[in-house]
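Report on the following structure.
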Amino acid sequence: MKFADRRFGNPASSQSYVVRVLVLTGAGVSAESGIPTFRGKAGYWRHIDPTKLATPEAFARDPQLVWDWYRERRQGIRNARPNAAHAAIARLAQCTDDFLLVTQNVDDLHARAGVAAEKMVKIHGDIFVTRCSHSEFCRRDYDQEHEHEHEVRIPTCSKCGAFMRPGVVWFGEQLPRNELERVEKFLDSGACDVVIVAGTTATFGYIIDWALRGSRDGGKLIEVNPEETPLSRFATRLVREPAAIALPPIVDELVGSRSSIL
Ligand SMILES: [Zn+2]
C-alpha cells in the first residue's frame, strides 16, 4: 500500500489503514521562537560556550553558574511562543492515526502548541523538571519557580539534601531509558508512511538511526533544514528552509486529502 492511497485523519473510513508518522525535531524549530541554540557565537552566555555548561563536569565544578544559566533559559522559554512549525506539527499529530514526535528540545513549545504528552518523547529531558543529582527525586518547577523568580540559590533535595539539577540530558550522559523504550516500541510496531526531520543537524547517531528505521519500508523521509546534514543523502525530499516556513505547507499537503473526505 502506497502512502498516496492512504488517508489522513479519516475516522469514518471502514478500512483499517493506519497512517503512521514519525517527526523528529531539534533546536532549529525552537530557534524561530527566539530560543537560542547552542551553536555558534549567538548561543554564548556571559562569553561561555553552552556546550561547556551543559555537562556533569560543569555542574560538579560550579553548580551555581549552571543554575544561573538554566534559570535564564527557563525564563526565556516562558516568554517565548510556539511558532508556525510547532502549530503545523500539532495539526499533523491530530490528523494522524499513529503519530510520534521525538524532540531533542527541552522547552515546552510543542506541548503548548497542542501535542499531547502521549504522542511526544522528550529525548533530551525537560528543562522545567528539577531532579536530585543523587536520588530519584524530581519535581516539575514551571509554576513554582515562576513565583520565585528571584530565587538564586542552588536547590537541594528535600529527601536526601543533595544538590538538585535541571532534568535535562547533558553532553556525555545516557538518554532516559523510559523515553528510549517508547521510541523503540513505536519503531518496532511498524514502518512509517512519513518521517519528517526538522530543525536538526542530525549530529547524534540515534536521530539518523530512528529516521532511517522509521522510513525503512519505502516511507517518505522529508528533511527540513536550511543546511545539509548527514541525513540529507537518505532523504526522499529536501526542504532547505526554516521549519516555520517549510512545515505549514508540507502538513497542508499531507493532510490535504482530509477535507475532500470529510
Ligand atoms: Zn535526593
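Among the residues of region 80-99, what is the count of those that are in a loop (DSSP other than H, G, I, E, B), in contact (Cβ under 8 Å) with a residue 60 or more places away in the chain and under 17 Å from the mean Cα position of the chain (by Cα)? I'd like the intermediate steps shown before the answer.
Initial filter on region 80-99 (in a loop (DSSP other than H, G, I, E, B)): 80-83, 95-97.
So of that shortlist, the ones also in contact (Cβ under 8 Å) with a residue 60 or more places away in the chain come out as 83, 95-97.
Now drop any that are not under 17 Å from the mean Cα position of the chain (by Cα), which leaves 83.
Residues meeting the conditions: 1.
Could you check, for region 166-187, whether at least one of its residues is within 16 Å of the ligand (Cβ to nearest atom) and not polar (S, T, N, Q)?
Residues of region 166-187 that are within 16 Å of the ligand (Cβ to nearest atom), as a first pass: 166-167.
Right, trim to not polar (S, T, N, Q) and you get 166-167.
Yes: region 166-187 contains one or more residues that are within 16 Å of the ligand (Cβ to nearest atom) and not polar (S, T, N, Q).
Quick check on this structure: which one of Ile127, Ile77 is part of a helix (DSSP H, G or I), more than 16 Å from the ligand (Cβ to nearest atom), touching a residue at least 40 places away in the same chain (Cβ under 8 Å) and under 20 Å from the mean Cα position of the chain (by Cα)?
Working: Ile127 fails: part of a helix (DSSP H, G or I).
Ile77 is the lone residue from the list that is part of a helix (DSSP H, G or I), more than 16 Å from the ligand (Cβ to nearest atom), touching a residue at least 40 places away in the same chain (Cβ under 8 Å) and under 20 Å from the mean Cα position of the chain (by Cα).
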So, in region 168-225, exactly how many residues are within 20 Å of Asp97 (Cβ to Cβ) and among the aromatic types (Phe, Trp, Tyr)?
2
Which ones in region 95-125 are surrounded by 22 or more Cβ atoms within 10 Å (Cβ to Cβ) and acidic (Asp, Glu)?
Asp107
Could you run through region 39-54 and say how many residues are surrounded by 16 or more Cβ atoms within 10 Å (Cβ to Cβ) and of a type outside the set (Gly, Ala, Ser)?
2
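Being of a type in the set (Val, Ile, Thr), surrounded by 18 or more Cβ atoms within 10 Å (Cβ to Cβ) and out of contact with any Asp or Glu (no Cβ under 8 Å at 6 or more places or on another chain) is the filter here; which residues of region 210-236 pass it?
Of the residues in region 210-236, the ones of a type in the set (Val, Ile, Thr) are 222, 224, 229, 236.
Subsequent filtering for residues that are surrounded by 18 or more Cβ atoms within 10 Å (Cβ to Cβ) retains 222, 224, 229.
Listed by number, the list holds a single entry, Ile222.
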Is it true that some residue in region 138-150 is surrounded by fewer than 21 Cβ atoms within 10 Å (Cβ to Cβ), in contact (Cβ under 8 Å) with a residue 24 or more places away in the chain and in contact with a Pro (Cβ under 7 Å, 6 or more places away or on another chain)?
no
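Every number here is computed from the coordinates shown, using simple stated rules; none is lab data. All values reported here derive from a predicted model rather than from experimental measurement. Note that each Cβ is placed from the backbone with ideal geometry, even for glycine, and that neighbours are counted across all protein chains shown.
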